[in-house]
Amino acid sequence: QVQPVESGGGSVQAGGTLRLSCAISGHAYCMAWFRQAPGKERKGVATLDEDGSTDYSDSVKGRFTISKDDAKDILYLQMNNLKPEDTDMYYCAADFHGLGACPVNGVNRLRAWGQGTMVNVSS
């Protein structure tokens, strides 16, 4: 079977940590993590542009870190001090054409191709 693009999710208690991974190849001008529940719109979590600049949603600032391992072509989301409100399905996305800016509130335009990885945080 086909291996999902995103991985690293799971079930943890509040205060725990997870590290999400996303296989991404080719030059990306903008990379992002967003969360999305079935039937709901995307919620931007973190973005990383080609120059290394990052942007985070207010709810995760100071707790999550987005980064890229260029040698391995892997995008990461380090999630520390997880809270129950972080519970959701998480996806990665990217812009391979340099068509726009890379703010965390602009993730709807980005291409998402994976199955997502579920994050469950219990109290």
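Is it the case that some residue within region 95-108 is in a strand (DSSP E or B) and in contact with a strand residue (DSSP E or B) (Cβ under 6 Å, 6 or more places away or on another chain)? Quick ask: steps written out before the conclusion?
From region 95-108, those in a strand (DSSP E or B) are 95; that's our starting set.
Imposing the further condition that a residue be in contact with a strand residue (DSSP E or B) (Cβ under 6 Å, 6 or more places away or on another chain) reduces the set to 95.
Looking through region 95-108, at least one residue is in a strand (DSSP E or B) and in contact with a strand residue (DSSP E or B) (Cβ under 6 Å, 6 or more places away or on another chain).
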**Message:** Restricting to region 75-111, give me the number of residues that are within 15 Å of PHE34 (Cβ to Cβ) and open to solvent by 40 Å² or more (accessible area, probe 1.4 Å).
**Reply:** 8
**Item:** Answer residue from region 112-123, given it is of a type in the set (A, V, I, L, M) and out of contact with any helix residue (DSSP H, G or I) (no Cβ under 9 Å at 6 or more places or on another chain) and is surrounded by the fewest Cβ atoms within 10 Å (Cβ to Cβ) among those
**Value:** MET118
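Give GLY16, GLY44 a once-over and let me know the one that is under 15 Å from the mean Cα position of the chain (by Cα), under 19 Å from VAL119 (Cα atoms), of a type outside the set (S, T, N, Q) and surrounded by 12 or more Cβ atoms within 10 Å (Cβ to Cβ). Walk me through how you get there before you give the answer.
Details: GLY16 fails: under 15 Å from the mean Cα position of the chain (by Cα).
Going through GLY16, GLY44 in turn, just one is under 15 Å from the mean Cα position of the chain (by Cα), under 19 Å from VAL119 (Cα atoms), of a type outside the set (S, T, N, Q) and surrounded by 12 or more Cβ atoms within 10 Å (Cβ to Cβ): GLY44.
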**Prompt:** Among the residues of region 62-74, is any in contact with a helix residue (DSSP H, G or I) (Cβ under 7 Å, 6 or more places away or on another chain) and buried (at least 18 other Cβ atoms within 10 Å of the Cβ)?
**Reply:** no
**Prompt:** Under 9 Å by Cβ, and 6 or more places apart or on different chains, what pairs join a residue from region 60-83 that is free of Cβ contacts under 8 Å to residues at least 12 places away in the same chain with one that is open to solvent by 40 Å² or more (accessible area, probe 1.4 Å)?
**Reply:** GLY62/ASN80; GLY62/ASN81; LYS72/ALA23
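The values are calculated or read from the model by the stated rules, or taken from the named source; none is laboratory data. If you're wondering where the values come from, they're calculated on a predicted model, not measured in any experiment. Cβ: placed from backbone, ideal geometry, glycine included. Neighbour counts: every protein chain shown. Only protein heavy atoms, including side chains, enter the accessible area calculation; ligands, DNA and RNA are left aside. Shrake-Rupley method; radii C 1.70, N 1.55, O 1.52, S 1.80 Å.
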